[in-house]
Every structure is written in structure tokens, then in C-alpha cells.
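First the structure, in the form of C-alpha cells, and then the observations on it.
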């Protein structure tokens, strides 16, 4: 029975926010609203200083010897009174007179012996009365005659020898009569006469030494719905007589647990054929033999419990007649015999149970599952074979083929010793939604075909198996999956695309914890856009987030934008990338406890503005900085940073202390597990004892530090920019200047040239010239290209000299081939240099296609120092710098020939 009197103050859950403590010289009762809890206070009298408007009073577990009406007269509105576990020997007649609206009275575990007719004569309003666990031996007269509204009467655990509680009909509203654990031996007609006019539904006679049922004893309570006879030594013969006495009654539930019933014949329940019995409990009887057709007299039965028996053999006729059965509990009932390890289940044993929905067969030991074991269970929805000892080492496509036409939605195969799943192992179970394969010995690679046919599956539990390897198609046939548990399976996940989980777009829960995972790709969660709960604790993921990891940190969470719960505890993490949690704006719980974290990037938690719980306990955190935690702490409801070696200095925890003093966030173990490690002054002290007042003078220095740091960083940025992007800046500067001023500088008046430049190059560099220099003629530049522009008919030497004179500039394309070409480094170079000297012109442009040392260049009579710096160009290796090269060449071509 549920205790209707408790008044509990649950501080941890915050169910009650106000609790007024009423204190007197003898007691300290807890009051909440209109309920008073004065239990466990060793009271010897009823408190007289409680609020007068209370409706419930708990006086249990005290030392009261009575309930003086005068002491209760103050509480006229009392509805429920619990005076159990005291020393009360009698009930005062005026009790209910002073408590006119009392409905619930609990007097269990007291010293009551006699039931006087005066006790309850004024208690017409009572609905529930408990007299359990007293010393009541006999009830004389009619003490309950005036209790016309009573619905529950509990007189269990006394020493009554008869069920007779009155001499005339009474208790018209009684629904439950509890007489368990008394000394009742006989059940006679006259003893139940007082219940002639009741609407009794439940009669509990459990733990009584019943030996006889008088003929017609249940006719007085023919509308009885439930008869509880647990631990009554009925045996087969007395049970058969009981069933005969119940014939024609309204009995619906019969509890026969532990009644010493070793066998059931086909006549045991024949007396119940004229009833509508729907629930029968035969658990814990040592039942070993069930005759064929034993339940044929129970066609209306819906629930049958045979748990904890020793049934050796289920035949095709064992359950004959149970066509309306909806649930069957065979837990720990098929455990073999002394001569055989296995019980036997014949084919078609369940074929009569066409309406069965729940079949519990866990903790059994039977020989095998054949293709016809479950034939006929077309309505079956829940099947559990947990911890069954069979030869089910390999699940084949025939193991559950007998359930092909069933409506099975849940299959529990936990602890069945399964080693392997063959292709199509569950192909017959197209309606299955929940598959539990945990705590087995499965050791194989899941290729996908093992789960083929599970078209409606929503949850698969594979945790605690021997070894699982995944491939890209492991779950390709179960796209409807919503929850996948693979904890502690020595899991092997390949580091290639696509991910084994890529087809699970409906997945909301993924558990990969306790697998010592150390390596997977950043697309491991690609496609899991609906993933809400990800468990990765107890792995070895530290390397994935290290900056020195080849390819950089692996941001494997970037695809899981719907995550609400993320557990990364116990992974050895000592670094967190700045973008590790970027985009996880829906995160409610983040677990990073039991790692080696010390430093956090400033913006690492910027997207976690909806976080409710942050767990950072037992890391190496020394400082709690405002730029890191300010944004995430704003919405936080629970914080756990316990067992960290805090540095109790102004720079490290000053802001944290200020936040603790004003926050409403629940901080786990703040008073015991937040201890300073450094400096020596505060070592071993609690963080809350840190003196924060001295930190206020740090503000001016902090501002100066910020300014200096900013200047230094800007300077470093400029230096790095010039170093790596200086060419780009110079390029755009030249473009801007030359668009305004033009490319050509002003030379002396009257100087006219037919070509802008004469190109000198080695024969093997001709292709480069044609590809990269000649196209520049499209932008108003004209070159003298020897292979194209030398005048026909002239000797070659004379043509070269004449062409140089008609060119404003002379371009040398310098490569290793140029240095080896005698025409280039002897005649052409000498004549070009001589012409420049004679005419006092600065007209030479050098283009280096390769890195040529100065000593080799000097052998051709060319010197870098004799040419203007802007006329020395190098062909870039990077394609994006070609445009800048062409811009520089145009500037060199347009520069003046005057010698400065």
C-alpha cells in the first residue's frame, strides 16, 4: 500500500522552495503549505503549536502511547493522520469527533489488541484505515459498522484466526480488504457474511495457513475481482477445490504465487471455466509438469505468469485454449532438470497464442530455436530472450523465420552467447523497431547485409561485445535507425570516406564510448544532421585535436549542428581547437571531465550560449578567464569544475570569484572540491577563501598591458605582411601610379625608336619568349624579335646591330642555355653593352628565368650593378604572380634611358 501521509522536503530537486520550521521545547516539525511532518522526533505527545489549518499530519516513528482528542482539537481541518510506528494501545472514542473531516487514518505498527465498537463510531468520513502490524487477535461485535465510506481496510500482519470482522452486513463502500499474514485456517460462509452488501474488488489472504474452503464461501462476495493467495500452501488438490468455489463469481485476477504447486493437470482450473479470469500468476511454485490442455478452461485469460519454475517440457498442447492470451511470462522457468541441462520446447508450442503480444523468456535454458519455434505468434510485439542458454552461437536467416508474419517491434537477445550474425539474420522481422544484441561475444566486420530487412528499425544496441569492425556499408540497409549503441566493443572505424554512418540521417543518439578510439576522419559524422546525443567518453582522441597532428586538428563535430548532449570525458585531451565546437549552438550538455585540459582558446565556447550543464571536473585548469567563459556562463544552470589545481591569483581567478558571488548557477562541490594549488600562500585553501579585494588596483596596468600588446601585434602583423605579401602591395602600387602617370618616362627631345625593346635569348628559350613576351604586343608594346623582324637580305651580324639601334631597350632572357650560347654571351652581349656605353644610355633589362649566380653572370660581361634595380626581373614560380611580373616589365620598358 502506498503511504498517503508523507511530507518530504526534497531540497536537491527544488520541489519545495519554502520550508517553515516550527520549533517547540519537545519537537521540530517540518511544515510545507498545509502538511506537517513530525516523524522520527521521539515525541511522547502531540505538538500543540502547529498551524491550525493543516490538512495532513505525520506522527509516525515516535513514542506516542495514545491520540488524546484534546491535543488534536486544534486541527479541525485534518484530512490525513499517520500515527504508525508508535506505542498506541487504544483509540479514543472522541478522536473522530474532534476531527470531523478525517478521511485517512494510519495506525500500523502499534500495540492495538482489541477492537472496541466505540473506537470508530464517529468516523463516518473515513475512506482508508490501516491497522496492519498490530497485535489484533480477534474482532468482536461490529467496530466498523459506521464506516459506510471506507474503501480500504488493512488488517494484515496481525494474529487473526478468522476473516469475520462483524456480525451483520456493513462496509458498503469497501473495495480492498487486506488480511495477509494472519493465522486464518478456514474460510467459512458465516465469516464473510458481514461483506454481503459490499462492492469488494480485492481480497488479500496471502501468507495465511489456509486449509479449507467451505462450499459456497465466495457466493457472498461473488463480485470479487482479485483474490491474492501468495505464500498460501494450497497444493494441487486444495487449488482445484478453490477453483471450484470460484466458479460463477466475477473473479478476474488470481495471485497464486508460491503455493507449493508442483504440477498442473487438465482438471486443476476446470472450475474456472464459468468465470472471466483474465490474469493468473503461478510464479515461484517449483512447477515442473504442465499437462496437455491444462489451461483449456481459461479461454478468457489475458495474462499468465509462470516465472521462476522448473518446467521441463513445452508441448504443442501446453497452451491449448489460451487464444486470448496477451502476455506470457516464462522467465527462469525453463531451466532443465537434474538429468538434462536443457528444457525442451517442441515446434508449434506457441501456435495457439494468436493474440499474444508479450513473451518473456529470459534466464532460461532450452535446447534450440528452430524455424517453427515461434510459429503462430502473429500478434507478437515484444520478445525477450535475455540470458538464455541455447546453441544460438550464430544467428542465421532461419533463426527467427517463424516470426515472418508477426508484428514484432522489440527483440531482446542480451547475453545469449551470440558470436556471429549471418547475412539476412533478421530479414524476417520487417516490423522490428528495437533490437538488443548487447553483452554477447560478437566478433566480426559488419558489412551491412547482416541487418538487411530491418525496414522499420529505430534502435540497435550492440554494446559490450567482443570486437566489431565497420565498413562504408555497415548501416546502409537501416536508414530509419534513430539510436545506435556500440559501447565497449573494441570498435574499429576505417579512416576513409564515406563514413560508416553516412546513411543514418535520422540518427539522434550515437554511443561510441569505451572503445579506445584514437583515429577517424573529420567526416565521421557527415550526414548526421539530426544527431542530438553523442557519447565519446573513455576513448583516446587527444591526438585528433592537437595542432601538431598531420593535417592539423580534426574537426569531426562540424557536421553535427543539432547536437544537444556531447560527452568527451576521459579522452586524454590536452588541447581544444578554437573551432572545435563551432556551430553547436543547440548544445545543452558538454562533458569534458577527466581530461588534461589547461588552456582554452578565447572564443572556443562562443557558440554555446544555450548550454545548461558544463562538466570540466578533474582536469588541469589553473585559471578561469573572462574572455573564455563569460559568454557560456551566462546561460549555465550547472557547472562542475571540481578537483582542478587552481592558481589563486588575481590574473587567474579574480573574475571567476566575482562571478561565483553573483551567479545563480549550481556549482557542484563548491564548498569542498575547489581548492587552490598555487601560490604557496593559498595552497590547500578553498577557492572561495581567496581575497579578491586586492585585485581592484590591477585595472590601470591591465589597460596598459592591452595597449602595449596591441601595438606589438600590429607591428608583427605589418612585418609579416610585407615579408609574404610585399610583392602584391608593390604590384598594386605600380598599377595605381602608372595608370595615373603613364608607363613611359620623358627622354630627350628628338629621340625616336622603331621598337620598344630588342629581345636577346638562347635558341632553346624561344618557346618561352613566344608564349610570355610576344603576347604583350597586344597592349601597345612592340618588340624586335630576331626570328621574325630581322630585315631579309642583310647579313645576320649587320641585321642584329641595326635592330639594336632601332630599339629603345634591350632585353636579355637569362638562363643556363643563355650562358652556354656563344652568340648570346659573346657577340650580342658585347655589342649591346658597347652601344649603351657609347650612347650613355641605361637601356638594358635583365629577365632571369632561373636562379643564376653572379659569378656565372659576370662571365658574360653583364653585371647586376650596371642595371637599374627595377630593370632586373625574375620569372615567378607561382602562377598568381605572373600578372605582377608583366606589370614590372611594362614599368621597366617605360623607364627613362638617361644615365643618372
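The residues in segment 447-467 that are out of contact with any strand residue (DSSP E or B) (no Cβ under 6 Å at 6 or more places or on another chain) and not in a loop (DSSP other than H, G, I, E, B) can be counted, and the count is 2.
Return yes or no: is residue 49 touching a residue at least 24 places away in the same chain (Cβ under 8 Å), over 22 Å from residue 122 (Cβ atoms) and not in a strand (DSSP E or B)? Yes; evaluated as a whole, the condition is true for this residue. Of all residues in segment 55-80, exactly one satisfies the criterion of being closer than 20 Å to residue 125 by Cα, assigned to a loop (DSSP other than H, G, I, E, B) and within 44 Å of the chain's Cα centre (by Cα), namely 55.
For residue 412, the stated conditions hold: it is touching a residue at least 40 places away in the same chain (Cβ under 8 Å) and either in contact with a strand residue (DSSP E or B) (Cβ under 7 Å, 6 or more places away or on another chain) or on the phi > 0 side of the Ramachandran plot (or both). Given the condition touching a helix residue (DSSP H, G or I) at 6+ places or on another chain (Cβ under 7 Å), farther than 26 Å from residue 524 by Cα and in a loop (DSSP other than H, G, I, E, B), answer yes or no: does some residue in segment 595-606 qualify? Checking segment 595-606: at least one residue is touching a helix residue (DSSP H, G or I) at 6+ places or on another chain (Cβ under 7 Å), farther than 26 Å from residue 524 by Cα and in a loop (DSSP other than H, G, I, E, B). Screening the candidates 238, 229, 195, 261 for the property of being crowded, with 17+ Cβ neighbours inside 10 Å and in contact with a strand residue (DSSP E or B) (Cβ under 7 Å, 6 or more places away or on another chain) yields one hit, 229. Within segment 270-282, does at least one residue satisfy the condition of being crowded, with 18+ Cβ neighbours inside 10 Å, part of a loop (DSSP other than H, G, I, E, B), touching a residue at least 24 places away in the same chain (Cβ under 8 Å) and touching a helix residue (DSSP H, G or I) at 6+ places or on another chain (Cβ under 6 Å)? Looking for residues that are crowded, with 18+ Cβ neighbours inside 10 Å, part of a loop (DSSP other than H, G, I, E, B), touching a residue at least 24 places away in the same chain (Cβ under 8 Å) and touching a helix residue (DSSP H, G or I) at 6+ places or on another chain (Cβ under 6 Å), one finds none in segment 270-282, hence no. When segment 642-669 is filtered for residues that are within 11 Å of residue 622 (Cβ to Cβ) and assigned to a loop (DSSP other than H, G, I, E, B), the ones remaining, listed by number, are 644, 645, 648, 649.
For segment 385-406, which residues satisfy the criterion of being outside any loop (DSSP other than H, G, I, E, B), surrounded by 16 or more Cβ atoms within 10 Å (Cβ to Cβ), modelled with pLDDT of 90 or more and touching a strand residue (DSSP E or B) at 6+ places or on another chain (Cβ under 9 Å)? Lay out the reasoning, then the answer.
First, the residues of segment 385-406 that are outside any loop (DSSP other than H, G, I, E, B): 389, 394-395, 401-403.
Now drop any that are not surrounded by 16 or more Cβ atoms within 10 Å (Cβ to Cβ), which leaves 389, 395, 401-403.
Filter again for modelled with pLDDT of 90 or more, leaving 395, 401-403.
395, 403 - these are the residues of segment 385-406 that are outside any loop (DSSP other than H, G, I, E, B), surrounded by 16 or more Cβ atoms within 10 Å (Cβ to Cβ), modelled with pLDDT of 90 or more and touching a strand residue (DSSP E or B) at 6+ places or on another chain (Cβ under 9 Å).
If the requirement is being under 26 Å from residue 154 (Cα atoms), loosely packed, with under 13 Cβ neighbours inside 10 Å and at pLDDT 90 or above, which of these qualifies: 42, 65? Of 42, 65, the one residue that is under 26 Å from residue 154 (Cα atoms), loosely packed, with under 13 Cβ neighbours inside 10 Å and at pLDDT 90 or above is 42.
Are any of the residues in segment 365-372 farther than 24 Å from residue 423 by Cα and in a loop (DSSP other than H, G, I, E, B)? Before the answer, list the steps.
Keep residues of segment 365-372 that are farther than 24 Å from residue 423 by Cα, which gives 365-366.
Still in the running and in a loop (DSSP other than H, G, I, E, B): none.
No, that holds for no residue.
Table: residues versus (1) modelled with pLDDT of 90 or more; (2) surrounded by fewer than 22 Cβ atoms within 10 Å (Cβ to Cβ).
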residue: 311; (1), (2): yes, no
residue: 317; (1), (2): yes, yes
residue: 327; (1), (2): yes, yes
residue: 337; (1), (2): no, yes
residue: 345; (1), (2): yes, no
residue: 349; (1), (2): yes, yes
residue: 367; (1), (2): no, yes
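From the list 335, 311, 344, which one is more than 27 Å from residue 224 (Cα to Cα) and outside any loop (DSSP other than H, G, I, E, B)? Answer to the check: 344. For segment 154-172, check the following and say yes or no: at least one residue is surrounded by 18 or more Cβ atoms within 10 Å (Cβ to Cβ), within 18 Å of residue 226 (Cβ to Cβ) and touching a helix residue (DSSP H, G or I) at 6+ places or on another chain (Cβ under 9 Å). Yes; the residues of segment 154-172 include at least one that is surrounded by 18 or more Cβ atoms within 10 Å (Cβ to Cβ), within 18 Å of residue 226 (Cβ to Cβ) and touching a helix residue (DSSP H, G or I) at 6+ places or on another chain (Cβ under 9 Å). Of the residues making up segment 618-641, those that are touching a helix residue (DSSP H, G or I) at 6+ places or on another chain (Cβ under 8 Å) and assigned to a loop (DSSP other than H, G, I, E, B) are 622, 623, 624, 625. Applying the condition of being at pLDDT 80 or above and assigned to a loop (DSSP other than H, G, I, E, B) to segment 873-900 and asking which residue is farthest from residue 843 (Cα to Cα) yields 876.
Within this structure, residue 253 passes the test of being within 15 Å of residue 298 (Cβ to Cβ), touching a strand residue (DSSP E or B) at 6+ places or on another chain (Cβ under 7 Å) and either crowded, with 19+ Cβ neighbours inside 10 Å or at pLDDT 90 or above (or both).
The values are calculated or read from the model by the stated rules, or taken from the named source; none is laboratory data. Note that this is a predicted model, so its numbers are computed, not measured. Every residue, glycine as well, gets a Cβ built from its backbone with ideal geometry; the counts of neighbours run over all protein chains shown.
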